[in-house]
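The structure appears below as C-alpha cells.
Nothing in this text is a laboratory measurement; each read-out follows from the coordinates by a stated rule. Just so we're clear, the structure is a prediction, and the values are computed from it rather than from any experiment. Ideal geometry is used to build each Cβ from the backbone, glycine not excepted, and the neighbour counts take in all protein chains shown.
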Amino acid sequence: MNKVNLGLPIGTPLDRFINKKQEEFPYATGELSQLLRDIGLAGKIINQEVNKSGLLDITGEYGNKNVQGEEQQKLDVIANIRFTRSLRNGGQVCAIISEEDEEIIHLNPHCRYVVAMDPLDGSSNIDVNVSIGTIFSIYRRVSPVGGPVQEEDVLQKGTNQVAAGYILYGSSTMMVYTTGHGVHGFTLEPSLGEFMLSKADMKYPEGGNIYSINEGSWHSFDEGTKQYVNDCKEKGLTARYIGSLVADYHRNMLKGGIYIYPATKKAPNGKLRLLYECNALAFIAEQAGGAATDGRQRVLEIEPTAFHQRSPFYIGSKEMVEHAMGFTKSSVLE
Ligand code: AHM
Ligand code: MG
C-alpha cells in the first residue's frame with residue numbers, strides 16, 4: 001500500500017522530510033535515507049558549478065569523447081567527479097554506473113546500494129543557459145555484500161529500483177524523487193542552500209495536450225511514430241521540445257504531455273540510455289500516474305544486457321502513452 005505522508009507542510013527541508021519518511025518504515029536502516037541526502041548534497045554542489053558557468057572556464061568541450069562516442073563537455077566531467085566523490089564520501093554505495101564512464105566505478109564493497117546516473121543531462125544546452133538535469137537510479141545489489149560487485153548488480157530491470165529521481169537546474173533548481181511511495185519535489189532555496197518541499201505527491205493531470213519530439217529527425221522515424229505525431233497535430237496539440245530530457249519530462253508531468261525519443265535510422269535503438277535515463281524517469285512517471293514504454297513494452301520490464309544500452313522512449317500521461325502505443329506497437333523502421 002502506498003504510504004504517502006502528506007502531513008509534512010510545504011517548506012519542509014529535504015533532510016527532515018527524508019528522516020520523517022524513514023520513521024514510517026520501522027525496519028529501515030537509514031542507509032537509503034543517507035544516500036538520498038548525499039545525492040541532494042551532490043545536486044547542490046553541481047548547481048553551484050552550473051550557476052558559475054560563463055564566468056569560469058568550465059563551459060565548452062572537454063576535448064574527449066565518452067563511451068558513447070559523444071563529445072564530453074567540461075561540465076559533464078565536473079558533475080561526474082562531484083557526484084562520484086559525494087557518493088564515495090557518503091559511504092552507502094558499492095558501485096556506480098555513469099554515462100561518463102565506460103566501466104563500473106567500484107566504491108565500498110561493504111555497501112548495499114548501486115547507483116546508475118547521468119550526472120549532467122542535456123549537454124547541448126550547457127553553454128546556452130538552458131535547463132539541464134541530473135538523473136539517478138538506485139538499486140539494491142543482488143550479490144552478497146562484502147564481495148566484489150558483479151555485472152548482475154548493475155544490469156537489473158527497472159522494476160527493481162528502490163529509488164530514483166532527478167535534479168533540474170532550471171529557472172529554479174528542483175530535486176524530484178520517489179522511493180516507490182509517491183513522487184515528491186523540493187525546490188532549492190538559494191539563500192539557505194536547502195532543498196525545501198514544494199510539491200508533495202506529484203501526479204500527472206488527467207489527459208494532456210503537449211507532445212515533445214525532435215521533429216528535425218522526421219524522415220528517419222518509423223511509420224507508427226509519424227502517424228502518432230500527425231495525430232497530435234490533427235488534434236491541435238501543443239509542440240514543446242527543449243532538448244533536455246529532464247526539463248521536457250518535468251514540464252510534461254506538471255502540465256500533461258508526452259515526450260518521445262523514438263528509434264531512428266541513425267539511432268535504431270533510440271538515443272537515450274536505459275539504465276540511467278529511461279528507467280529512473282519511467283519509475284517516477286508510473287508513481288505519478290503516468291506511463292513509459294519503448295513503443296512496444298513497459299520500459300521498467302526491459303531486461304538490460306549492457307551498461308550503456310539504449311532504448312526508444314515514450315513517456316508521459318498514461319492516456320497519451322497508451323494511445324501512442326496503438327500506432328507504434330507493430331511499427332518497424334523502414
Ligand atoms: P546527453 O545525455 O548527451 O545530454 O543526450 C541526451 C539528451 C536529452 O536530454 C535530450 O532529450 C536529447 O538528448 C536530445 O537529443 P536530440 O538533440 O537528438 O533531440
Ligand atoms: Mg544524458
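Can you list which of the GluC sites (Glu not before Pro) found in region 159-226 are DSSP loop residues with at most 10 other C-beta atoms within 10 Å?
Details: sites: E194, E206, E215, E223; in loops: E206.
Qualifying residues, ordered by number: E206.
Between 0 and 90 degrees, rounded to the nearest ten: what's the tilt of helix 245-255 against the longest Cα principal axis of the chain?
Between the helix axis and the principal axis of the chain, the angle is about 80 degrees.
Check cross-link reach from K74 to the aspartates and glutamates: straight Cα distance under 13 Å, and skip same-chain residues fewer than eight apart.
Within the straight-line cut-off, K74 pairs with E49, D57, E61, E100, D121, D127.
Just check the chain against the gyration tensor rule for me: Cα atoms, a ≥ b ≥ c as the square roots of the eigenvalues, rounded for a/c under 1.5, and otherwise prolate or oblate depending on whether a/b exceeds b/c. Don't skip to the answer; put the middle values down first.
On the way: a/c = 1.38, a/b = 1.29, b/c = 1.07.
The shape class here is rounded.
When a footprinting reagent is the concern and you count Cβ atoms within 10 Å, what order do F83, F307 take, fewest first? Could the numbers behind the result be given before it?
Numbers: F83 27, F307 21.
The fewest-first ordering by Cβ neighbours comes to F307, F83.
Lone cysteines in the chain, defined as no other cysteine's Cβ under 4.7 Å from theirs: which are they?
So far as the 4.7 Å Cβ criterion goes, C232, C278 stand without a partner in the chain.
How far apart, in nanometres, would the label points at K235 and V142 be if each is projected 7 angstrom from Cα along the Cα-to-Cβ direction?
3.7 nm
Specify the inter-centroid distance of region 194-269 and region 92-160, based on alpha-carbon positions, in whole Å.
Each part reduced to its Cα centre gives a spacing of 25 Å.
Within region 161-258, which trypsin sites (Lys or Arg not before Pro) sit in a loop by DSSP and count at most 14 neighbouring Cβ atoms inside 10 Å? Mind showing how you got there, number by number?
Values: sites: K199, K203, K226, K233, K235, R240, R251, K255; in loops: K203, K235, R240.
Sites meeting the loop and neighbour criteria: K203, K235.
Which whole-number percent is the relative contact order of the chain (Cα, under 8 Å, 6+ apart)?
Numbers: 736 pairs, mean separation 53.0, N = 334.
With pairs under 8 Å counted, the relative contact order is 16 percent.
Please say if region 259-325 is rounded, prolate or oblate, where rounded means a/c under 1.5 for a ≥ b ≥ c the square roots of the C-alpha gyration tensor eigenvalues, and otherwise the choice is prolate for a/b larger than b/c and oblate otherwise? Please list the in-between numbers first.
On the way: a/c = 2.09, a/b = 1.31, b/c = 1.59.
Because a/c hits 1.5 or more and a/b fails to exceed b/c, region 259-325 counts as oblate.
Just list whichever of K199/K233; K265/K329; K233/K255 have alpha carbons separated by over 25 Å in the model shown.
On the way: K199/K233 31 Å; K265/K329 17 Å; K233/K255 18 Å.
Beyond 25 Å between Cα atoms: K199/K233.
Taking a ≥ b ≥ c as the square roots of the Cα gyration tensor eigenvalues, with a/c under 1.5 meaning rounded and otherwise prolate when a/b beats b/c, else oblate, which class fits region 208-280?
On the way: a/c = 2.07, a/b = 1.04, b/c = 2.00.
It is oblate, given that a/c is not under 1.5 and a/b is not larger than b/c.
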